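Chemist: Pasting a structure below so you can have a look.
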Amino acid sequence: MKRIGMLTSGGDCQALNAAMRGVVKSIMNAEQDVEIYGFLDGYKGLIYGNFRMLTSHDFSGILTKGGTILGSSRTPFKLMREPDENGLDKVEAMKQNYYKLKLDCLVILGGNGTHKTANLLREEGLNVVTLPKTIDNDLWGTDMTFGFQSAVDIATDAIDCIHTTAASHGRVFIVEVMGHKVGFLTLNAGIAGGADIILIPEIPYDIDKVVEAIDERHKRGSKFTILAVAEGAISKENAKLSKKELKEKMKNYPYPSVSYEVADKIKEKTGYDVRVTVPGHTQRGGTPCPYDRVFASRLGSEAGKLILEGQYGFMVGIKNREIIRVPLEEVAGKLKTVAPDASIVQEAKMLGISFGD
């Protein structure tokens, strides 16, 4: 009998359920004698032994369902080695719950922080297989993460909807897209939505260059401009500061987010009417797009194959459209970012898109 634990950790996204379904269906189609233990609310469930037994019926009808049937939470990796408020050793508690249930392996779905903890558990001797989930597409070792394309679709739709009102009123519109450290989502949605200016964390912007791009459009007769701005976009001025200096400066930051600062500066320098739209967590929600359903199902199927083969310590990813197995130690702690000279950035600039640099 195979005894498998599953959990989803970190921010939720589309296709988590599709991925779990893929794992379970591939195993149950090959081996009928299987027990699935679903840990609730991410690593918290594994730490405190909060789980429920799952059957094939739990995975029926969830291919198109967003979110996660197991619930999720953020349990920062940097706090994993620190006891909880009652003095509980979190790592030891996770190991004990794993052994108590006599699990053959853990299937863990998550992003960067999740993979750090998954690798820690691997180092502690547990059998682990992981799947790459994040709307940021910033996991090392895989070309794509599930949830990303669905989020791109939603962010693009937001930009599409802004076009008509921006054109009708002759305004400058800023659409703030998710992405604190990495700009893949903003970059792709910006290009797909026809944004005129794209600001991402990897390419610090000069507000004067941004204003220059807006003025150029107005000179050519365009009455409106649309900016796709990542929530982690940073000015050249701030990019020169150390982490400590920036943290100190941000203590007195007067804006809700960088988009409102950019809007304020544009209005101050040009007098143009500027509005900000923040799609926010809608980018994480709703049903997964067809691409993510297929992709997550493929990842889940390969994860099931790994388990059946007794091959552990891998993240299942994709390279050149082929599903691959990546050793967890190669993934944990590494961030995949947009290279400022990447071909997609250069191609966007050829299209006339400004990055404020």
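Chemist: Once you have a ≥ b ≥ c as the square roots of the Cα gyration tensor eigenvalues for the range 130-209, tell me rounded if a/c is under 1.5, and otherwise prolate or oblate according to whether a/b is larger than b/c.
Modeler: Taking the square roots of the gyration eigenvalues as a ≥ b ≥ c, the range 130-209 is oblate.
Chemist: So how do 106-115, 239-248, 93-102 stack up, highest first, on mean other-Cβ count within 10 Å?
Modeler: 106-115, 93-102, 239-248
Chemist: List the GluC sites (Glu not before Pro) within the range 72-166 that DSSP assigns to loop and that have no more than 14 neighbouring Cβ atoms inside 10 Å.
Modeler: Counting only loop positions with at most 14 other Cβ atoms within 10 Å, the GluC sites (Glu not before Pro) in the range 72-166 are 85, 124.
Chemist: Per residue, how much accessible area does the chain show when a 1.4 Å probe rolls over the protein heavy atoms, in square angstrom?
Modeler: Each residue of the chain exposes 45 Å² on average to a 1.4 Å probe.
Chemist: Right, something else. Looking at the chain, what % of its DSSP beta bridges pair antiparallel, to the nearest 5?
Modeler: In the chain, DSSP labels about 25 percent of beta bridges as antiparallel.
Chemist: Follow-up question, since we're still on this one. Could I have the simple spin-label model distance between residue 79 and residue 242, label points 7 Å from Cα toward Cβ, reported in nm to one decimal?
Modeler: In this crude spin-label approximation the distance works out to 2.7 nm.
Chemist: Largest first, what is the accessible-area ranking of 146, 51 with a 1.4 Å probe?
Modeler: So the residues, ranked largest to smallest area, are 51, 146.
Chemist: With a 1.4 Å probe and all protein chains left in place, how much of the accessible area of the chain comes from carbon and sulfur atoms, in whole percent?
Modeler: 49
Chemist: Give the shape of the range 277-319 as rounded, prolate or oblate, defined through the alpha-carbon gyration tensor: a ≥ b ≥ c are the square roots of its eigenvalues, a/c under 1.5 means rounded, and otherwise the shape is prolate if a/b is larger than b/c and oblate if not.
Modeler: prolate
Chemist: With the Cα gyration tensor of the chain giving a ≥ b ≥ c as the square roots of its eigenvalues, does the rule (a/c under 1.5 for rounded; else a/b larger than b/c for prolate; else oblate) give rounded, prolate or oblate?
Modeler: Prolate, because a/c is 1.5 or more and a/b exceeds b/c.
Chemist: Work out how much length residue 168 to residue 60 would gain on full extension: take 0.36 nm times their residue separation and subtract the Cα-Cα distance, in nm to one decimal.
Modeler: Extra length available between residue 168 and residue 60 comes to 34.3 nm.
Chemist: Which of the trypsin sites (Lys or Arg not before Pro) across the range 277-326 are loop residues per DSSP, with 14 or fewer other Cβ within 10 Å?
Modeler: Hits after loop and neighbour filter: 321.
Chemist: Using R₀ = 25 Å, calculate the FRET efficiency as 1/(1 + (r/R₀)^6) where r is the Cβ-Cβ separation of residue 181 and residue 52; round to 0.05.
Modeler: E between residue 181 and residue 52, to the nearest 0.05, is 0.15.
Chemist: Applying 1/(1 + (r/R0)^6) with R0 = 35 Å to the Cβ-Cβ distance of residue 319 and residue 32, what FRET efficiency is obtained, to the nearest 0.05?
Modeler: The pair residue 319/residue 32 has a calculated efficiency of 0.60.
Chemist: Could I ask something else about it? With r defined as the distance between the Cβ atoms of residue 95 and residue 339 and R0 fixed at 45 Å, what FRET efficiency is calculated, to the nearest 0.05?
Modeler: Here the calculated transfer efficiency is 0.70.
Chemist: Here's something else I'd like to know. Go through 219/240; 44/244; 65/90; 219/265; 305/334; 133/305 and tell me which ones have a Cα-Cα distance over 23 Å in this structure. Can you show the working numbers first?
Modeler: Details: 219/240 32 Å; 44/244 31 Å; 65/90 31 Å; 219/265 20 Å; 305/334 26 Å; 133/305 19 Å.
Violating the 23 Å limit, Cα to Cα: 219/240; 44/244; 65/90; 305/334.
Chemist: Using only Cα atoms, locate the centre of the range 131-194 and the centre of the range 234-263, then give the distance between them in Å, rounded to an integer.
Modeler: 22
Chemist: Got a number for the accessible area of residue 56? Probe 1.4 Å, square angstrom, nearest 10.
Modeler: 60
The values are calculated or read from the model by the stated rules, or taken from the named source; none is laboratory data. This structure is a prediction, so every number in the text was calculated from the model and none was measured. Glycine gets a Cβ as well: all are built from the backbone with ideal geometry, and neighbour counts include every protein chain shown. Calculation scope for accessible area: heavy atoms of the full protein, side chains included, ligands and nucleic acids excluded. Shrake-Rupley method; radii C 1.70, N 1.55, O 1.52, S 1.80 Å.
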